[in-house]
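The values are calculated or read from the model by the stated rules, or taken from the named source; none is laboratory data. Remember, it's a predicted structure, so these values are computed and weren't measured experimentally. Glycine gets a Cβ as well: all are built from the backbone with ideal geometry, and neighbour counts include every protein chain shown.
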Amino acid sequence: MGKNLKVGAIMISILAVIVFIGPLIAPYDPYQVNMSVKLQGVSASHIMGTDQLGRDLFSRLIYATGTSVKISLIVVIVSMIIGFVFGSIAAFIGGAVDEFLMRIIDVFMAFPTKIFTIAIAGILGASAINITIALIITSWASYARMVRGCVLTAKELPFIDASIALGANRGYTIIRHVLPSVFQPLSTFAFQRIAHTMMAIVGLSFIGLGVQPPTPELGAMINESKNFMTTAPHLFIFPGLLISYVVFSFNILDDSLRDYWDPRIKSELVL
Amino acid sequence: MNLKLKKILCFSMTALMMVGFVGCSNVGASTKTAQTELKIAYGKDTGAVSEKGNGDMLLTIFAGERLVEVVDGEVVPSIAESWEVKDAENCISFKIKKGLKFSDGTDLTAKEVKLKFDRNIALKSFQWTELDRIDKIEIPDDNTINFYYKDGMDGYVALAGFAEYGNTIVGSNSFQTPGDPTTPMVEFIGSGPWKVEEYVKDQYTTFVPNENYIGEAVKLEKVTVNMIKDDEARVLAIQAGDVDAIVDYYHGGSAYTPRNLLSTLKEEGFQILKQEMPMTTVLAFNYTNNEAWKNIKLRQAMNYAINKDEIAGLFDGWISPANDAYFSDCSPFTTALGKQSYKYDPEKAKSLLAECGLEGFSPKMLVNSENIDEVKMAELLQSMLKESGINLQLDVMDATKFAEAKKGADWDVYSYYIGGPERRIYSRNEGRFDKSTPEFGASGCYTSESIVTAVQSAVDPFDENERKKGFKEFYAAIDAEAACVPLYYDAVFVVANEGVKGIEFVGTEPVFDNVTYKK
């Protein structure tokens, strides 16, 4: 296992602890208002200070990370499933069905993703559910195109022909032989998309189209902090650092996994 | 290089640096230069050109006048020097001052005054004016205009309605077809101290002195009002030096400097001018959509469950908590009206909820995400109400969806305001609490027969003492019925550079006629 992969795995493990166990260790209720301690700086009782309503920033960050990461994972997993289904169907059936599905995918991919997402989120209204839907709508096509390519390549491989020649049906062949060969590039692509999706969520929340108050979310927290940049800089420094950490974690893991799974690089690493 | 040459070189370099430092320093820059222009950031378009509208408040105050004005709760002369109510309150007659002119030099007579009312009646622009009750308008001579009412005028509130912004008098050349007020207004030609020099929709309006104004001449040569819609962008504009002042939209409730930025601006050296207004931000109940609100105990519980001091604390004390009467002392006849019956008492709120059988009550609050003050206040209310066992659900949405939801009555509570700018205090109170008024619509407060009777007795009588008595009854009635939760007394703010002097407030409206500016 490469050094980068180890670092990435450790960083992601820490993130997983924050997301899944964090709420249990958060010192305060992230929604608990206490106006007597509003906009306090870093202290022993509030290790990252408090916000405009006197809420503990550390506790809110723990929950906010969970919100952003969970939405990212949902978007990536659902998009991956939709993309896989459509990509596989297009590749296997081929012909008119392939043409039809590919043109639909072309339509989705023709729009600038960010603008398309903003437009959908704007139409649906600002909320966590709507932002998830908007991101899925704009994401699935790239998965589908990638899966189609992988399946088309896998279809031509000799062991697929061998499987069919031995009497295996199409469904069995897909699940037993094609899926594993698609899994590796698809999961690398998905890891890469997590950081990308995370940034999209943060961005949309920052401009008010994402997660709505009082739910803590990293982009929304930075948005709220912009009026206090000079008087309470901790309000944007900590969420900003956390966003960098999360994105860096997924990016480093994505790079390391790609290297790990790439046979050429892997052999170089071994050598 | 010999030593002498080195010494000369060092001396020359030092001298050069000294000259440079003096040039860059503030020494000698303490003398400020008088400016001839003031740049203002404002959150609305002035609407100086409009197909069906009458122009924004700021425009009508800068460049316009009305038949009458409302100051300290009293109707006072303006274009009209006097008025008389006659024919058993079926007619009101105004005497127009002689010698008035519009900014284009044309005469301002009763004929021109009539044009504006013809326009508003033709375009059904009645809001807060009582013009819908007018049967006919007559001009017996150049200086007299008579308004006849269908079923009698609605008392003092109707007279005060002539001071409404929409009733600002403009010249006949303001209209696309001169003299035809039903055609679009293509130029704002008023009779105020300023006149519009240039207008670019949604961008800026420049005002210059109106040389035909009969009052005291303004001091600056030019005021440019830049339309900057975003609240925070206006703040950035003054911080960057792009504008010299920010003026709140003094109708209140929108397009104002965020209250939580005022302290920062003050620390940065800007002047913060505050004028409290007879407007109170309240938490209103949607009793038309939810029968539960008809239970007075629930309304009282909401009143007991909210700590108004904390709300004022959220805004760094720039606004005052509505702890006393329903309106601040600047409202007509408010002083000595007594206190509200409800003080913060979460235990009392809990017991009232239990009496109603509404433990775990979960009302839905509509929140406009574009108003950051409102969002923060909603979060604070949510936390506060939780202590009394009320689970306030926040439905935060953008302005468009917010307006739709509000109209569709898809809410239980939301924050808005009662009262308003001083010239609107009578009509606004009537419109919020009397179902029979056209303004009541979806924005009406909780009301009852006793409140309606009381508000009529406050806004109708021409006699000041009767109105005073009526206001006392009205305040007592809304308090007894716990018609809403008064949260804080609103205020109008002007943020200005240090060198801007002479901004005055007339009523709740900032006036720039005597402003001088040095920087």
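Some observations on this one:
- Condition check for B:Glu359: in a loop (DSSP other than H, G, I, E, B) and at the interface with another protein chain (Cβ under 10 Å from one of its Cβ atoms): no
- Members of segment B:107-132 found to be over 12 Å from B:Ile169 (Cβ atoms), in contact with a helix residue (DSSP H, G or I) (Cβ under 7 Å, 6 or more places away or on another chain) and not acidic (Asp, Glu), listed by number: B:Ile121, B:Ser125, B:Phe126, B:Gln127, B:Trp128, B:Thr129, B:Leu131
- When segment B:110-141 is filtered for residues that are more than 29 Å from the chain's Cα centre (by Cα) and not in a helix (DSSP H, G or I), the ones remaining, listed by number, are B:Asp135, B:Lys136, B:Ile137, B:Glu138, B:Ile139, B:Pro140, B:Asp141.
- B:Ile319 meets each of the listed conditions (1) within 19 Å of B:Tyr488 (Cβ to Cβ); (2) buried (at least 19 other Cβ atoms within 10 Å of the Cβ); (3) in contact with a Cys (Cβ under 6 Å, 6 or more places away or on another chain) apart from (3).
- Odd one out for B:Val200, checked against (1) in contact (Cβ under 8 Å) with a residue 40 or more places away in the chain; (2) of a type in the set (A, V, I, L, M, F, W, C); (3) at negative phi: (1)
- Selection count where residues are free of Cβ contacts under 8 Å to residues at least 60 places away in the same chain and at the interface with chain B (Cβ under 8 Å from one of its Cβ atoms), scope segment A:226-240: 3
- Checklist (1) surrounded by fewer than 22 Cβ atoms within 10 Å (Cβ to Cβ); (2) of a type outside the set (S, T, N, Q); (3) within 14 Å of chain B (Cβ to nearest Cβ) applied to A:Val33, failing item: (1)
- The residues of segment B:85-109 that are surrounded by fewer than 21 Cβ atoms within 10 Å (Cβ to Cβ), part of a strand (DSSP E or B) and modelled with pLDDT of 95 or more, listed by number, are B:Ser93, B:Lys95, B:Lys101, B:Asp107.
- One residue from B:Val375, B:Val396, B:Val367 being in a helix (DSSP H, G or I), β-branched (Val, Ile, Thr) and within 10 Å of chain A (Cβ to nearest Cβ): B:Val375
- Test: residue in segment B:59-66 that is over 13 Å from B:Gly166 (Cα atoms), surrounded by fewer than 24 Cβ atoms within 10 Å (Cβ to Cβ) and either touching a residue at least 12 places away in the same chain (Cβ under 8 Å) or of a type outside the set (D, E, K, R) (or both): no
Okay, residues lined up against (1) within 14 Å of another protein chain (Cβ to nearest Cβ); (2) of a type in the set (A, V, I, L, M); (3) in contact (Cβ under 8 Å) with a residue 12 or more places away in the chain:
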position: A:Thr117; (1), (2), (3): no, no, yes
position: A:Trp140; (1), (2), (3): no, no, yes
position: A:Ser163; (1), (2), (3): no, no, yes
position: A:Gly167; (1), (2), (3): no, no, no
position: A:Leu179; (1), (2), (3): no, yes, no
position: A:Val182; (1), (2), (3): no, yes, yes
position: A:Arg193; (1), (2), (3): no, no, yes
position: A:Met198; (1), (2), (3): no, yes, yes
position: A:Gly208; (1), (2), (3): yes, no, yes
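- Take the conditions (1) within 14 Å of another protein chain (Cβ to nearest Cβ); (2) in a loop (DSSP other than H, G, I, E, B); B:Lys401 misses just one of them, which is (2).
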